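In what follows, a structure is listed as structure tokens, so that the remarks can point back to it.
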Amino acid sequence: MAIDWTTFILEVINFLVLVWILQNFLYRPVLETLARRRAGIERTLAEAREVENRAGALRTQFENRLADWEQEKATRQARFEQELTAERSRQMQALAHALAQERERSAAQDAHRQEALRLDLESQALEQARRFATALLARLASPELEARLVEAGLEDFAALPADLLNGITTAARMPGARVLVASAFPLTEEQRERIGATLAARLGVSPDLDFRIDAQLGAGLRLALGSWQLNFSLADELAQFAAATHHAD
């Protein structure tokens, strides 16, 4: 088979022309386009990696902040529980103190009421005793009992202390001084003379005596000189008993 070198050379030339055309007008633009696309992809990947790195940094920062917040929350929770426990303890102590004060106040009020009741019962009992004694002594009152009370009263007068007797003596020596002698029953002449003699012996002066009857005395005497008064009667003794019991209450 014979080769047509002219045709062969033309084919070669056509091929080289085709390669040159492809290289300059097709392959190179394609390569440049591919290069640009690769560069864009690489740039996009770089940006994506940068965004991912930033996202990772943000995620790490968020996780650290979250951990810090959890720790802070746990710390605050622990502090709150401590403060709550302390406040609860303080409130319980205050409540216990208030309850103790209330119990003491209630106990004091109960004691006061019981004491008031006791005093009232004692007062009633003493009043009943006084009334009973008054009624009993009223039934026993007689000139004989009065004679005994007169003797006892004169003995008490004779035994008066000097400081009390000085005041009575001064009053007896005043011009126009009169001693009021009250008795529940009429006194005998002997009793009157004994009263006058006893007064004169103790006072150093014989005062005028004004004898009167006072049935409310029950029995006994009552001597009055100015502002001075000496009681030797059942009524006065009972009154002093009642006053003493009320004073003791």
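Laboratory data are not the source of any read-out in this text; all were calculated from the coordinates shown. Since the structure is predicted, the reported quantities are computational estimates derived from the model, not experimental observations. All Cβ positions, even for glycine, are placed from backbone atoms using ideal geometry, and neighbour counts span all protein chains on display.
Some notes on this structure:
- Straightening the chain between R148 and L117 buys 7.2 nm, computed as 0.36 nm per residue apart minus the Cα-Cα spacing.
- D210 versus D68: modelled label distance in nm, points set 7 Å from Cα along the beta carbon direction: 11.0 nm
- Summing Lys and Arg as +1 and Asp and Glu as -1 over all other residues whose Cβ lies under 13 Å from the Cβ of A46 gives a net charge of 0.
- Here the Karplus curve 6.51 cos²θ - 1.76 cosθ + 1.60, taken at θ = phi - 60°, turns the phi angles of region 112-117 into couplings of 5, 5, 5, 5, 5, 5 Hz, with x standing for Gly and Pro.
- Shown in residue order for region 57-74 are the 3J(HN,Hα) couplings computed by the Karplus curve 6.51 cos²θ - 1.76 cosθ + 1.60 at θ = phi - 60°: 5, 5, 5, 4, 4, 5, 5, 5, 5, 5, 5, 4, 5, 4, 5, 5, 5, 5 Hz (x for Gly and Pro).
- Distance (nanometres) between label positions extended 7 Å along Cα→Cβ at R36 and T7: 4.4 nm
- Working ranking of peptides 148-159, 224-235, 166-177, 67-78 by packing, defined as the average number of other Cβ atoms within 10 Å per residue, highest first, is 224-235, 148-159, 166-177, 67-78.
- The Cα trace of region 142-248 gives Rg and Dmax of 13.7, 41 Å, the first to one decimal, the second as a whole number.
- Largest to smallest principal axis extent of the C-alpha atoms in region 48-92, angstrom: 63, 8, 5
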